[in-house]
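**Q** Here it is, the structure in full.
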Amino acid sequence: MPQKNKTLGEFIIENQGEFKYSSGELSRLINSIRLAAKVVNHEVNKAGLVDILGAAGDINVQGEDQQKLDVFANEAFIKTLTNREIVCGIASEEEDDFITIKGRNEKNDNKYVVLIDPLDGSSNIDVNVSVGTIFSIYRRVTPSGTPVTIQDFLQPGHQQVAAGYIIYGTSTMIVYTTGHGVNGFTLNPAIGTYYLSHPNMKFPETGKIYSVNEGNYVHFPQGVKDYIKWCQAEEGERPYTSRYIGSLVSDIHRNMIKGGIYIYPNTAKDPDGKLRLLYECNPMAYIVEQAGGKASNGFERIMDIQPATLHERVPFFCGSKQMVEKAETFMEAAKS
Ligand code: AHG
Ligand code: MN
Ligand code: MN
């Protein structure tokens with residue numbers, strides 16, 4: 001059981017031995033993310049003060065408006081990981097294609113690839129509501145010494161060696177897993193140090209919160225409509241409470257602490273849902289499962305899906321185990 005009051009730096013060093021292949025490289029990688037997160041945090045906190053609000057004018061690969069802070073966060077993470085020569089490749093929500101990093105002496109001999117949503121919930125920036133960063137880490141599958149290929153990125157989620165999120169909220173936190181439970185660290189901004197504030201986080205088995213954009217209700221599959229009606233029915237602990245921030249990181253973070261389910265289903269407009277498998281759903285699924293929760297596409301485990309493309313989308317049902325299982329029974333019942 002990890003102790004409280006420890007800094008993230010101390011925690012990383014002490015737990016280095018837990019990694020399957022403990023060469024120190026993964027520790028250095030998490031250290032770099034910690035550093036980039038501080039830089040992004042500083043910028044996010046200034047958002048209301050400087051003229052940095054509004055769309056940057058670019059459209060990202062998903063055809064969405066790109067906010068200036070998306071660009072900033074994307075560059076901050078890529079620069080930090082590239083300059084420190086720690087990873088052999090990066091895939092980002094904000095980049096059409098993956099980035100190849102040659103590493104020391106142009107040798108392509110770094111072991112890990114990172115997939116990242118640099119700024120999640122970006123439509124919330126202009127209104128001073130929490131946003132986040134999501135990251136996923138794999139060992140490359142192609143031989144060391146050669147440039148990375150798409151195969152290194154298209155791995156199913158159960159192959160992840162680490163995943164985490166940063167939440168830029170009322171306080172800034174890093175929450176991550178390396179497959180040995182989930183730990184949360186809160187930034188003390190006065191000294192720029194993260195402290196272990198949430199050791200061994202556990203998703204409550206069940207809860208009373210459901211988080212879904214009900215504005216899309218008419219477009220939802222029948223199973224989701226039925227589940228929502230069940231959540232709203234008066235019986236026992238129900239009706240449940242509806243909470244939806246519109247920032248995946250914040251919605252999942254709250255539900256992990258209080259108990260709840262997050263759903264972003266497929267809709268008539270978006271037949272595969274909206275969220276991205278590789279850098280939103282897989283890392284969240286890994287964290288949530290490590291905390292005792294569950295993540296599925298309504299029928300099967302998110303982390304067992306074999307990805308076909310870098311930016312593919314997937315319906316997402318994620319949260320307290322019993323709640324996700326209940327939603328799945330409604331999906332199954334409405335299937336035919
Ligand atoms: P991003 O800002 O990285 O594009 O992600 C936004 C995502 C996710 O954070 C959130 O849960 C969801 O989009 C909200 O979508 P709706 O506005 O359609 O509910
Ligand atoms: Mn996102
Ligand atoms: Mn994003």
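The values are calculated or read from the model by the stated rules, or taken from the named source; none is laboratory data. Small disclaimer: the values here were computed from a predicted structure and weren't measured. Because the Cβ atoms are built from the backbone with ideal geometry, glycine has one as well, and the counts that use them run over all protein chains shown. Remember, those area values only see protein heavy atoms, side chains included, never the ligands or the DNA or RNA. Shrake-Rupley method; radii C 1.70, N 1.55, O 1.52, S 1.80 Å.
**Q** How much length would be gained if the chain were fully extended between GLU25 and ASN188, taking 0.36 nm per residue of separation minus their Cα-Cα distance, in nm to one decimal?
**A** Contour length minus Cα-Cα distance gives 56.1 nm.
**Q** Under a plain spin-label model, where a point goes 7 Å from the Cα along Cα-to-Cβ, how far apart in nm are GLU14 and ARG238?
**A** 4.4 nm
**Q** Which value in Å does the Kirkwood hydrodynamic radius of the chain take, with 1/r averaged over all unlike C-alpha pairs and then inverted?
**A** 20.2 Å
**Q** Need the list of aspartates and glutamates near LYS107 for cross-linking: C-alpha distance under 18 angstrom, and skip anything on the same chain fewer than eight residues off.
**A** Within reach: GLU25, GLU85, ASP152.
**Q** Once you've got the Cα coordinates, tell me which of LYS269/LYS321; LYS68/LYS258; LYS46/LYS79; LYS258/LYS294; LYS38/LYS68; LYS202/LYS274 are over 22 Å apart.
**A** Over 22 Å Cα-Cα: LYS269/LYS321; LYS68/LYS258; LYS202/LYS274.
**Q** For the chain, with every protein chain kept in place, what is the accessible area per residue (1.4 Å probe, Å²)?
**A** Counting only protein heavy atoms, the per-residue value for the chain is 42 Å².
**Q** While we're on this one: Which angle between 0 and 90 degrees, to the nearest 10, do you get for helix 321-333 versus the longest principal axis of the chain when only C-alpha atoms count?
**A** In the chain, helix 321-333 runs at an angle near 60 degrees to the longest axis.
**Q** Let me ask something else. What figure in square angstrom, to the nearest 10, would you give for the accessible area of ILE99 with a 1.4 Å probe?
**A** Spelled out: ILE99, probe radius 1.4 Å, area about 40 Å².
**Q** I'd like the antiparallel share, as a percent to the nearest 5, of DSSP beta bridges with both residues in the chain.
**A** If we restrict to bridges inside the chain, about 80 percent are antiparallel.
**Q** How tilted is helix 25-45 with respect to the longest principal axis of the chain? Cα atoms for both, answer in degrees (0 to 90, nearest 10).
**A** Between the helix axis and the principal axis of the chain, the angle is about 70 degrees.
**Q** Please report the accessible area of THR149 (heavy atoms, 1.4 Å probe, ligands and nucleic acids excluded) in Å², nearest 10.
**A** Approximately 50 Å² for this residue.
**Q** Would you please state which residues of region 294-331 a label at GLN222 would reach in this model, taking the label point 7 Å out along Cα→Cβ and a backbone N cut-off of under 18 Å?
**A** What the label zone holds, given the 18 Å backbone N cut-off, is 298-299, 327-331.
**Q** Whenever you get a sec, compute what percent of the accessible area on the chain sits on carbon and sulfur atoms (1.4 Å probe).
**A** Of the solvent-accessible surface of the chain, carbon and sulfur hold 48 percent.
**Q** On to the next question. Calculated from DSSP H runs of 4 or more alone, at -39500 (n - 2.57) each and per residue, what is the 222 nm mean residue ellipticity of the chain, nearest 500?
**A** The helix contribution divided over the chain gives -8500 deg cm²/dmol.
**Q** Need one word for region 8-198: rounded, prolate or oblate. Basis is the Cα gyration tensor (sqrt eigenvalues a ≥ b ≥ c); a/c below 1.5 gives rounded, then a/b vs b/c decides.
**A** oblate
**Q** Here's a follow-up. Working from Cα positions, state the angle (0 to 90°, nearest 10) between the long axis of helix 222-232 and the longest principal axis of the chain.
**A** Here the helix axis deviates by roughly 80 degrees.
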